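*Asks:* I'd like to ask some things about the structure below.
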Amino acid sequence: MKLAYRLSKGRFNLNVDLKLPDTGISVLYGHSGCGKTTLLRCVAGLENEATGHCSIANEVWESKSIKLKPHKRDVGYVFQEPSLFSHLSVKDNLDYGIKRAIEASKKNLDEAIAVLGIEHLLEQKPAALSGGEAQRVGIARALALNPKILLFDEPLASLDDDRKREILPYLKRIKRQLSIPMLYVTHAAPEVAMLADHVVVMHEGRVVSSDSLSASLTNEKLPLRLNGEISSVLTGKIIEIDKRWHLACLSISDQKLWLPNTKMSIGDEVRVQILSKDIALANSAGDASFQNVFKAKIVAINEGDHPSQAIVKANVGEHEFMVAVTKRGLANLGLRVGNQVLLQVKSVAIHS
Ligand SMILES: Nc1ncnc2c1ncn2[C@@H]1O[C@H](COP(=O)(O)OP(=O)(O)OP(=O)(O)O)[C@@H](O)[C@H]1O
């Protein structure tokens, strides 16, 4: 999909030109006021003054000669608050949502209800729902429209951490099961780490970078920091479960990454985030408690946050790891770009 927009709002100027993947989640990331919501509103056709180009799924919604009205754009919009009608049941809220939509159908609605796991809530009134349940209904309402794109504007921002954790699996499921693109606005690092396929970093109405999540995180010169941390994100399949020690094993380029088992089963596709400071380097395996030791190759060494530190980028097969070390440690081990090295990762430090 292609999004190119220019817009001035008072002292704020939006000026973006993006080509984004046609599937998966593209996260718009940046500080408050950088223009993330404004860009979503442009895609939905809600910014009258915006000029530019918008094409989604080979349909042109906006160009020099075209500007489709908002109701002509197949958009599912999920806001921070789901704003359900309090006097209607969940089912009636959903029915009302799809009534005026051209592309919506009973089949889509049933699918949306199943994907969000809200069958048991259909007869409830919104007041009886938890914040997380209400947001799942809001997402189902958007999905039921059979949209060409889903727009999420900080959908988890008003939920507490437990409710956020409750919704994340549903968002991952939507991503797995649907082949439509999703634009997802957030400034929450865990959502970027767990959901993003592509990340657009914005600053004062402009695009600072636009790349896949892994490429953004392992950008040697300017790695994307989540919560200020340099990290790597890896995706793999669970191949083994150690019931006795409550661990699960992820296959990473034919090597094993053991992590805390959070209700995982063999065959599950799992994404993990590993902070650069939670990995150590070694020339040979010693008698340490590390559960994970990977054979890797150093591909870059750059300055760290402090003159004493370096950031090492090392590859394990096609997977890239960022490692924060002291320069003295590196010198003592005699490590340089091109060297083979062992990466030692503590299982307890892995976030999934
Ligand atoms: N009607 C308006 N008139 C003037 N400026 C506006 C108007 N609406 C928004 N702005 C400005 O446009 C800028 C971008 O706002 P926008 O809501 O898109 O940012 P954002 O990145 O989504 O921020 P947040 O994360 O806080 O929601 C902000 O600086 C805001 O103050």
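The values are calculated or read from the model by the stated rules, or taken from the named source; none is laboratory data. Note that the structure is predicted; figures quoted are calculated from it, not measured. So basically every Cβ, Gly included, is an ideal-geometry build from the backbone, and we count neighbours across all protein chains shown. Remember, those area values only see protein heavy atoms, side chains included, never the ligands or the DNA or RNA. Shrake-Rupley method; radii C 1.70, N 1.55, O 1.52, S 1.80 Å.
*Asks:* Taking Lys277, is it of a type in the set (D, E, K, R) and either touching a residue at least 12 places away in the same chain (Cβ under 8 Å) or part of a strand (DSSP E or B) (or both)?
*Replies:* Criteria met by Lys277.
*Asks:* Still on this structure: Residue by residue through the range 195-215, note down the ones that are in a helix (DSSP H, G or I) and open to solvent by 40 Å² or more (accessible area, probe 1.4 Å).
*Replies:* Matches in the range 195-215: Ser214 only.
*Asks:* Among the residues of the range 14-30, which ones are outside any loop (DSSP other than H, G, I, E, B) and open to solvent by less than 60 Å² (accessible area, probe 1.4 Å)?
*Replies:* Leu14, Asn15, Val16, Leu18, Gly24, Ile25, Ser26, Val27, Leu28, Tyr29
*Asks:* Among residues belonging to the range 152-201 that are touching a helix residue (DSSP H, G or I) at 6+ places or on another chain (Cβ under 7 Å) and aromatic (Phe, Trp, Tyr), point out the one that is farthest from the ligand (Cβ to nearest atom).
*Replies:* Result: Tyr170.
*Asks:* In addition: Among the residues of the range 182-194, is any part of a loop (DSSP other than H, G, I, E, B) and either more than 11 Å from Ile25 (Cα to Cα) or open to solvent by 20 Å² or more (accessible area, probe 1.4 Å) (or both)?
*Replies:* Yes.
*Asks:* Quick check on the range 151-162. Is at least one of its residues open to solvent by 30 Å² or more (accessible area, probe 1.4 Å) and within 19 Å of Arg73 (Cα to Cα)?
*Replies:* no
*Asks:* Six or more apart or on different chains, Cβ under 9 Å: which pairs go from a residue in the range 147-167 that's part of a helix (DSSP H, G or I) to one that's among the basic types (Lys, Arg) and away from the ligand (no atom under 16 Å from the Cβ)? Could you list them?
*Replies:* What qualifies is Glu166/Arg136; Ile167/Arg136.
*Asks:* What is the number of the single condition among (1) within 16 Å of the ligand (Cβ to nearest atom); (2) open to solvent by less than 50 Å² (accessible area, probe 1.4 Å); (3) of a type in the set (Asp, Glu) that Asp242 does not meet?
*Replies:* The one condition Asp242 does not meet is (1).
*Asks:* Being within 14 Å of Glu204 (Cβ to Cβ) and either within 16 Å of the ligand (Cβ to nearest atom) or at pLDDT 95 or above (or both) is true for just one of Lys9, Lys2. Which residue is that?
*Replies:* Only one candidate qualifies: Lys9.
*Asks:* Failed condition for Arg328, given (1) over 30 Å from the mean Cα position of the chain (by Cα); (2) of a type in the set (Lys, Arg); (3) under 18 Å from Ala285 (Cβ atoms), with all others met?
*Replies:* The failed condition is (3).
*Asks:* Something else about it: I'd like the full set of residues that are among the charged types (D, E, K, R) and free of Cβ contacts under 8 Å to residues at least 24 places away in the same chain, limited to the range 115-141.
*Replies:* Correct list: Glu119, Glu133.
*Asks:* Give just the number: which of (1) small (Gly, Ala, Ser); (2) at pLDDT below 90; (3) touching a Leu at 6+ places or on another chain (Cβ under 9 Å) does Ser289 not satisfy?
*Replies:* The failed condition is (3).
*Asks:* Which one of these does Ala324 not meet: (1) free of Cβ contacts under 8 Å to residues at least 24 places away in the same chain; (2) not in a helix (DSSP H, G or I)?
*Replies:* (1)
*Asks:* Now a separate question. Are any residues in the range 158-186 among the polar types (S, T, N, Q) and at pLDDT 90 or above, and if so, which ones?
*Replies:* Within the range 158-186, just Thr186 meets the criteria.
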